[in-house]
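Report on one structure; see the data block that follows.
The values are calculated or read from the model by the stated rules, or taken from the named source; none is laboratory data. Bear in mind that the values here come from a model prediction, so they are computed numbers and not experimental data. Every residue, glycine as well, gets a Cβ built from its backbone with ideal geometry; the counts of neighbours run over all protein chains shown. Heavy atoms of the whole protein, side chains included, go into the accessibility calculation; ligands, DNA and RNA do not. Shrake-Rupley method; radii C 1.70, N 1.55, O 1.52, S 1.80 Å.
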Amino acid sequence: MTDGWADAEAAGELIARARERLGKSQYALAEALREACGRGDGTPDRTMVARWETGRRIPTPYWRTHLAAVLQLPPSVLDQAAAVSKAQRAGGQQADAPRPAERLRFALAYPGSVDLLSVAHLREQVRRLDERYVHVPSTALIPEAGHCLGQIVFLGGHARRPYVRRELHAAEAEAATLMGQLVWDASQRRDHDAAVAYFDQAIEAARQRGDGSAEGLALLRKSFVALYGWRDPQAGLTLTGLAGRAAGGTSQVLAGLATLHAAEAHAMLGSRRDCEEALGAAGDQFGRIHASDPAIDLFSPTQPGRLAGSCYLFLHDAKTAVAILEQTARKLQDQSKAQAVVLGNLAIAHIRQGSRDAAVTRLHQAIDVTERNRGGGGLNVIFGAGRELRRWRQSGDVQDVYDRIMALMAA
């Protein structure tokens, strides 16, 4: 042993364990390294830290110097760990399969031995599934996400080391939040109970970890069920408030998103003044976002427009909704589930203005996107737009839209 650190420890596990000892997230470590080396190009980011911890990359001497300073490690210990990692690679331990995957298989067979490298591997799997959510049907992701969550919970019940259990709580919060999102989306936002059960599991795991951002995200996702599933804007306001308070000290992104959805709750209640105040407050919060925000990957410049357009639909101001949503639709061209919702809401706004041709065009576009990703939100908005088209149901172009909607329902 050297100053309490294992002589044969690989670089990835050493970095993860030292980071956890200091109570830093991967985002916080990346930010501290950027400050230590004075770099303004966004390097390293959380992804680079994750690659070091999972063993996919070995930090270079340049980064080891800064890592040693930030993690309060003797440089010789980090250099020795890097040498261990290189020796393991040279010995063929990663030739056929990534070493983290091998360690995870061993940990599942002997769960008391689970280490940070295995946990990091599981969290990386969850992160990759989460990245695919916006473009891939949720039904295709549920089996793997559920498998990851099951492994995390199993290991959490057997892990002996406290710092490993803490990381497993973080992994459980991420995986349970994703599962709630997937289950609700796959059910076309109908299976409220299962989704809420997963979100509550995530909230409890985040609290055990002491992670305000993870707790805030799970509460925010739960507020979506209240707003769009239960259709209970008061419950939505309560949950968005809890989400904002949980994440406010750690993430301006999550605080801003909570305020945006609070604005929508106010719109559902018919309070234009409160809605517009919340929209302005959310804009101020987004203006304070820093690149190191732990939820930076959740932010998109089109989010304020998407939610503001929806707010004005609830406030029965179709003219303002059209202006905002048309601008947002021009910016959002990624074939995502969010794009389908914007196009569907835009179709509804055009219907309410009496613009049949524009409504039919936008509804066809929404269907084009939803046929690819099967997003529950997009499907619901499309079905709602179809109901509002009834006054023109004898028109041939509207009949074409109905045929496509029936095909979506059959699928």
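Some observations on this one:
- The Rg/Rh ratio of the chain, with Rg taken over Cα atoms and Rh as the Kirkwood radius over Cα pairs, comes to 1.03.
- For the chain: accessible area per residue (Å², 1.4 Å): 43 Å²
- Per-residue accessible area (protein heavy atoms, 1.4 Å probe) orders F314, F286 as F314, F286, starting from the largest.
- Compactness relative to 2.2 N^0.38 Å, alpha carbon Rg of region 299-411: 0.97
- Rounded accessible area of L242 (nearest 10 Å², 1.4 Å probe): 70 Å²
- When a 1.4 Å probe is rolled over the protein heavy atoms, the share of accessible surface on the chain that falls to carbon and sulfur comes to 50 percent.
- Shape category assigned to region 12-166 from the gyration tensor of Cα positions, a/c cut at 1.5: prolate
- In the complete set of protein chains, residue-level accessible area for D274 is approximately 50 Å², probe 1.4 angstrom.
- Mean separation of Cα contacts under 8 Å, 6 or more apart, over the residue count of the chain: relative contact order %: 11 percent
- Of all aspartates and glutamates in the structure, those lying under 16 Å Cα to Cα from K24, and not within fewer than 8 positions of it along the same chain, are E13, E35, D45, E53, E167, D211, D293.
- Ranking by accessible area, most exposed first, for F224, F199 with a 1.4 Å probe: F224, F199
- Computed with a 1.4 Å probe over protein heavy atoms only, the accessible area of L178 comes to about 10 Å².
- Within region 126-182, trypsin sites (Lys or Arg not before Pro) in DSSP loop having at most 15 other beta-carbon neighbours inside 10 Å: R160
- For the set V342, V134, the ranking by accessible area, highest first and with no ligand, DNA or RNA atoms included, is V134, V342 under a 1.4 Å probe.
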